[in-house]
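Below is one structure, written out as structure tokens, with a few remarks after it.
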Amino acid sequence: MKNEILYIELKTGFSHNGPAWIGFAEFSKSGQTVYFDNKALKKFKTPGISSNYYDI
């Protein structure tokens, strides 16, 4: 798996001022899933303005 440093912000229920983290995340081989802080985040098929991934 590929590792990168990412900025991750929780936007659900917040108006662009939610909690945020910077840290290492791992990507699946296909790049469709990101693993961060013992969570799996799946990529939206059509990314929007407010989010690109959702918690599975």
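Bear in mind these aren't lab numbers, they're just calculated from the coordinates by the rules spelled out. All values derive from a computational prediction rather than experimental measurement. When we count neighbours, we look across all protein chains shown, and the Cβ atoms used for this are built from the backbone with ideal geometry, even at glycine.
Taking amide H positions as placed in the peptide plane 1.01 Å from N, state which residues far from Tyr53 in sequence (5 or more) or on other chains have amide H under 5 Å from it.
Phe44
Charges only on Cβ, +1 for Lys and Arg, -1 for Asp and Glu: so what's the dipole of the chain about the Cα centre, in debye to the nearest 20?
Values: 7 positive and 5 negative charges, 53 e Å.
Roughly 260 debye for the chain.
What FRET efficiency comes out for the pair Glu26/Thr46, r = Cβ-Cβ distance, R0 = 35 Å, nearest 0.05? Working shown, then result.
Working: r = 24 Å, r/R0 = 0.68.
Efficiency, rounded to the nearest 0.05: 0.90.
Restricting attention to the chain, which trypsin sites (Lys or Arg not before Pro) occupy a DSSP loop and are surrounded by at most 12 other Cβ atoms within 10 Å? Working shown, then result.
Values: sites: Lys2, Lys11, Lys29, Lys39, Lys42, Lys43, Lys45; in loops: Lys11, Lys29, Lys45.
Passing both the DSSP loop test and the Cβ count: Lys29, Lys45.
Reachable lysines from Lys2, Cα under 24 Å, same-chain residues fewer than 8 places away excluded?
Answer for Lys2, where 24 Å is the Cα cut-off: Lys29, Lys39, Lys42, Lys43, Lys45, listed by chain and number.
I'd like the Kirkwood hydrodynamic radius of the chain, using the inverse of the mean 1/r over distinct C-alpha pairs, in Å.
Working: mean 1/r = 0.0843 Å⁻¹.
Hydrodynamic radius (Kirkwood, Cα pairs) of the chain is 11.9 Å.
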